[in-house]
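What follows is a single structure, written as structure tokens, with notes after it.
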Amino acid sequence: MSAHRSVYRKNVKVAERKGAGGWLAERLSSLVLVPLTLWALWSAAMIAGTGYEGALGWFAQPVNAWLLAATWLVTLWHMNMGITVIVEDYIHKRSTLGLLLGLNTLLCLSLAVIGLLFITRLAVGSDPLPAGFGV
């Protein structure tokens with residue numbers, strides 16, 4: 001049995017006064033993603049067809065690397081919040097809930113680190129992966 005008891009008035013559950021901060025953060029991340037996504041689409045159109053050297057030249061411009069890193073991090077933050085809400089809404093078993101929330105956080109943090117590593121390596125002119133990795 002849960003230690004937390006929900007309060008009802010006239011058979012309607014009373015708000016628990018939580019969730020407004022998460023709701024606002026989701027909306028703010030959405031607003032930030034609109035111009036970043038438009039910039040990313042425009043940038044992709046500009047480097048299309050320039051080949052590997054053109055892409056490296058694009059990455060060598062610091063503003064592009066910074067904006068791409070910001071886009072990547074805000075996208076992952078937004079994804080983490082969205083999946084968290086879905087898991088909290090539909091998974092009710094505490095052990096499963098905790099496991100899924102932990103895996104969600106681990107996945108998003110791992111993708112953030114890997115993405116930033118690749119962006120940094122490309123920005124300094126290195127190959128995205130060290131020699132011997134990949135195809």
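Select from region 97-135 the residues that are at pLDDT 95 or above and among the hydroxyl-bearing types (Ser, Thr, Tyr) and write down the one among them that is nearest to GLN61 (Cα to Cα).
The qualifying residue nearest to GLN61 (Cα to Cα) is SER110.
Looking at PHE59 and the list (1) surrounded by 13 or more Cβ atoms within 10 Å (Cβ to Cβ); (2) modelled with pLDDT of 95 or more, which single condition is not satisfied?
Failed condition: (2).
With free of Cβ contacts under 8 Å to residues at least 12 places away in the same chain and out of contact with any Asp or Glu (no Cβ under 7 Å at 6 or more places or on another chain) as the only criterion, which of TRP72, TRP66 stands out?
Matching residue, one of TRP72, TRP66: TRP66.
With the condition kept exactly as written, say whether any residue in region 77-96 is surrounded by fewer than 12 Cβ atoms within 10 Å (Cβ to Cβ), assigned to a loop (DSSP other than H, G, I, E, B), free of Cβ contacts under 8 Å to residues at least 12 places away in the same chain and not polar (S, T, N, Q).
Among the residues of region 77-96, at least one is surrounded by fewer than 12 Cβ atoms within 10 Å (Cβ to Cβ), assigned to a loop (DSSP other than H, G, I, E, B), free of Cβ contacts under 8 Å to residues at least 12 places away in the same chain and not polar (S, T, N, Q), which makes the answer yes.
Among (1) surrounded by fewer than 16 Cβ atoms within 10 Å (Cβ to Cβ); (2) under 19 Å from the mean Cα position of the chain (by Cα), which single condition is MET46 missing?
Every condition holds for MET46 apart from (2).
Is there any pair with a first residue in region 29-49 that is closer than 18 Å to PHE59 by Cβ and a second that is modelled with pLDDT of 95 or more and surrounded by fewer than 16 Cβ atoms within 10 Å (Cβ to Cβ) whose Cβ atoms are under 7 Å apart and which are 6 or more apart or on different chains, and what are they?
So the pair list comes out as LEU36/ALA70.
Conditions (1) in a helix (DSSP H, G or I); (2) of a type in the set (A, V, I, L, M); (3) in contact with a His (Cβ under 9 Å, 6 or more places away or on another chain), marked per residue:
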position: MET46; (1), (2), (3): yes, yes, no
position: GLY49; (1), (2), (3): no, no, no
position: LEU68; (1), (2), (3): yes, yes, no
position: TRP72; (1), (2), (3): yes, no, no
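The values are calculated or read from the model by the stated rules, or taken from the named source; none is laboratory data. All of these numbers come straight from a predicted model, not from anything done at the bench. FYI the Cβ positions are ideal-geometry reconstructions off the backbone, even for glycines, and counts take in every protein chain you see.
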